[in-house]
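The values are calculated or read from the model by the stated rules, or taken from the named source; none is laboratory data. Bear in mind the structure is a predicted one, so any value in this text is a computation, not a measurement. Positions of Cβ are generated from backbone atoms using ideal geometry, with glycine treated the same way; all protein chains shown enter the neighbour counts. Surface accessibility is based on the protein's heavy atoms, side chains included, excluding ligands, DNA and RNA. Shrake-Rupley method; radii C 1.70, N 1.55, O 1.52, S 1.80 Å.
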Amino acid sequence: LQRRPFRFSILIAASLGLFFPAIAIALLLWHENLGLNWRNLIALHRNHFTLYIIWSAPLVLGFFGVILGKTSLLLKQKMDRLEHKTTELNTILNTAASAIITIDTAGGITNFNKAAEQIFGYDHDELIGKNVNSLMPAAKAAEHDAYLRRYLQTGQAAILGKRREVEARRKDGQIFPVLLRVNPMYINGTIYFSGVIDDISDTKTLQNQLIQAQKLEAIGQLASGVAHEINTPIQYIGDNLSALSQNFTDITAYHQAVARLIPDVLKPRTDKLAEEHDIQFILEDSPQAIQQSLEGVERVAEIVKAMKAFSHMESAQSKQFINLHE
């Protein structure tokens, strides 16, 4: 019986079949007032041929038990396979990293896996039967209804089967970015829609950080280029200002020496000329202007040096000391 479980139904059916001849013999013995012994049993079978037919009942029921047992075994095996398949599919569904949501043609949620619970913050029973719009921002909910109606009316899938970035809403009202792909499916002639959703909040954060890093890299490259371009002209401007400062020192000494050689008779005229051309102001203001210009050039040179230091790291070393204040 352990090797062939369906034989149990054969034994039961055959045992039930034995009741028919047993009851028939008992009724005949009672009807003819005969005792229960072998002589009377043989006489009954000789006089009532139908008893032989009744004795076929265990065989008939046993054969029926064979059919019933094997059918039951096949059904049980099929049910076991279906149960295993269902368990396997449910396990895959509930262990998937992506949220998987199934809706009907009215937008009502019919299935909601574990990942969807974690992403949206809802329990399974909270959303079953509710409209999927509860997982969308208000502005997107109306668009979703329009997409669904248009597909059901025209059969044209404008967004179905396409992976696209949209916004979703958690239970606490937080709006976050997701990647969504919706596909239609038919079950027993009824259309449903399954959506696979991935939370890309972390990915978007990393993208923004990458964009910011690229901007900083571009700024660094620009700073390096600007520093290189400014360094050359500011250098010869500084050199020329230094030369002008030295030249003006020599001019001032020359002017003082010439003033000492002028006769007293001509001094009134030279003083008048000097006053008309503001020579005294020029001699006092020009050195200051040159000195201020040199200080400005030096400041520009320091800025250029700082820009190069900020945007460039020596390739010979992976780490270097940096003054954070600078």
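Filter the range 125-150 down to the residues that are outside any helix (DSSP H, G or I) and not charged (D, E, K, R), then identify the one that is nearest to residue 107 (Cα to Cα). Among those residues, the one meeting the criterion is 131.
Answer yes or no: is there a residue in the range 72-91 that is at pLDDT 80 or above, part of a loop (DSSP other than H, G, I, E, B) and either open to solvent by 40 Å² or more (accessible area, probe 1.4 Å) or not small (Gly, Ala, Ser) (or both). No; the residues of the range 72-91 include none that is at pLDDT 80 or above, part of a loop (DSSP other than H, G, I, E, B) and either open to solvent by 40 Å² or more (accessible area, probe 1.4 Å) or not small (Gly, Ala, Ser) (or both). Considering the range 151-181 alone, what residues qualify as being of a type in the set (Lys, Arg), farther than 16 Å from residue 194 by Cα and either in contact with a Gly (Cβ under 8 Å, 6 or more places away or on another chain) or in a helix (DSSP H, G or I) (or both)? Result: 170, 171. Going residue by residue through the range 198-220, is there one that turns out to be within 30 Å of residue 153 (Cβ to Cβ), open to solvent by less than 90 Å² (accessible area, probe 1.4 Å), under 60 Å from the mean Cα position of the chain (by Cα) and touching a residue at least 12 places away in the same chain (Cβ under 8 Å)? Yes, the conditions are met somewhere in the range 198-220.
One line per residue, one yes/no per condition, for (1) closer than 17 Å to residue 198 by Cβ; (2) modelled with pLDDT under 90; (3) among the charged types (D, E, K, R):
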| site | (1), (2), (3) |
| --- | --- |
| 98 | yes, yes, no |
| 101 | yes, yes, no |
| 104 | no, yes, yes |
| 107 | no, yes, no |
| 113 | yes, yes, no |
| 130 | no, yes, yes |
| 134 | no, yes, no |
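Restricting attention to the range 238-255, the residues that are open to solvent by less than 80 Å² (accessible area, probe 1.4 Å) and among the hydrophobic types (A, V, I, L, M, F, W, C) add up to 4. Among the residues here, residue 122 does not qualify as among the aromatic types (Phe, Trp, Tyr), more than 20 Å from residue 198 (Cα to Cα) and surrounded by 12 or more Cβ atoms within 10 Å (Cβ to Cβ).
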